[in-house]
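Undergrad: This structure is in structure tokens; I'll ask about it shortly.
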Amino acid sequence: MKTSKGTTRVSKYTPRGYALSVRRALAGKGLFAGEDIPKGICVIEYTGNVLMGRDAEGKGGKYLFEVSARKTIDGNVRSNSARYINHSCRPNCEAIVRRGRVFIFSRARINAGTELVYDYGKEYFDAFIKPNGCRCEKHRMGS
Ligand SMILES: [Zn+2]
């Protein structure tokens, strides 16, 4: 983030730059930790085109991330690696909305080679995941 003086301000919400890689996962492609990631840090920002007001209505699409009643981020852009993070009912990450932006935080220590997952929320789950059955770790195990 640039300040008015042009210096880069590092905050809790600055992605820490841990290595991540896109690989084949059970639910299509997924985003995996390339190295051990500690608990409670910002791993990556969910970025994309900002849609305001009614622009998002009727667009559909599973990469839409509603950050407020008026603002939606369309994450279906090549540069947004966070779009590969799959849903899990037993997540190791969480999406935190702050000032109209979305940051993915680790909510547990994530070992190298582990897939990053977060809970997409009930609305998304019911619309996109439930119809085909959830393939997250918890549901695969049948618990
Ligand atoms: Zn599940």
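Values in this text are rule-based calculations from the coordinates and carry no lab data. What you are looking at is a predicted structure, and each value in this text was computed from that prediction instead of being measured. For neighbour counting, all protein chains shown are included, and Cβ atoms are generated from backbone atoms with ideal geometry for every residue, glycine included.
Undergrad: Can you tell me the mean projection area, over all orientations, of the convex hull of the chain's alpha carbons? Units nm², please.
TA: On the way: hull surface 38.0 nm².
Projected area, direction-averaged: 9.5 nm².
Undergrad: Stick to Cα atoms and the Kirkwood definition of Rh, then tell me Rg/Rh for the stretch 27-69.
TA: Working: Rg = 14.6 Å, Rh = 13.6 Å.
Rounded to two decimals, Rg over Rh is 1.08.
Undergrad: With a sphere of radius 15 Å drawn around the Cβ of Asn80, what net charge do the other residues whose Cβ falls strictly inside it have (Lys, Arg +1; Asp, Glu -1)? Walk me through the numbers before you get to the answer.
TA: Numbers: positive: Lys29, Lys62, Arg78, Arg83, Arg101; negative: Glu45, Asp74.
Surrounding charge for Asn80 is +3.
Undergrad: OK, next. Of all beta bridges DSSP finds with both residues in the chain, what is the antiparallel percent, to the nearest 5?
TA: Values: 26 of 29 bridges.
Close to 90 percent.
Undergrad: Which FRET efficiency value, to the nearest 0.05, is calculated for Glu137 and Glu66 with the Förster distance at 22 angstrom and r the Cβ-Cβ distance?
TA: After rounding, the FRET efficiency stands at 0.30.
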